[in-house]
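See below for the structure under consideration.
The values are calculated or read from the model by the stated rules, or taken from the named source; none is laboratory data. On a predicted model such as this, the values are computed, not experimentally measured, just so you know. Because the Cβ atoms are built from the backbone with ideal geometry, glycine has one as well, and the counts that use them run over all protein chains shown. The accessibility values were calculated without ligands, DNA or RNA, using every heavy atom of the protein model including side chains. Shrake-Rupley method; radii C 1.70, N 1.55, O 1.52, S 1.80 Å.
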Amino acid sequence: MADLHEQLEEAEARVAYLKRRIATAPCAEVGHRWKHIGGKNCGCENGSCSVPVHECTVCGDCDYGENAEAEETRAECASRKGGIDA
Ligand SMILES: [Zn+2]
Ligand SMILES: [Zn+2]
């Protein structure tokens, strides 16, 4: 069944090609490739929680902690605003 092997090879070549395309495509086309580079204070009065900060591995752009996870953290902070819940 050499045919199946050929099909697999073709498929794998296509996957490799697409991965390469995505890796080198401009961010405007496929979006930033965020990499976790650290954390920063979420900015609430609590002062002890942090949100993740990401940097794009392609264009070097930084989200400065503006991301979905940070939004969640800040929403959580807002919900227990006024101190640590008893
Ligand atoms: Zn980018
Ligand atoms: Zn907070």
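Annotations for the structure displayed:
- Selection from the range 17-65 of residues that are of a type in the set (A, V, I, L, M, F, W, C) and within 16 Å of ligand 2 (Cβ to nearest atom): Cys42, Cys44, Cys49, Val51, Val53
- Qualifying positions in the range 37-64 - within 16 Å of ligand 1 (Cβ to nearest atom) and surrounded by 11 or more Cβ atoms within 10 Å (Cβ to Cβ): Ile37, Val53, His54, Glu55, Cys56, Thr57, Val58, Cys59, Asp61, Cys62, Asp63, Tyr64
- Each residue in the range 21-36 was checked for being small (Gly, Ala, Ser) and either part of a strand (DSSP E or B) or open to solvent by 30 Å² or more (accessible area, probe 1.4 Å) (or both), and 2 of them qualify.
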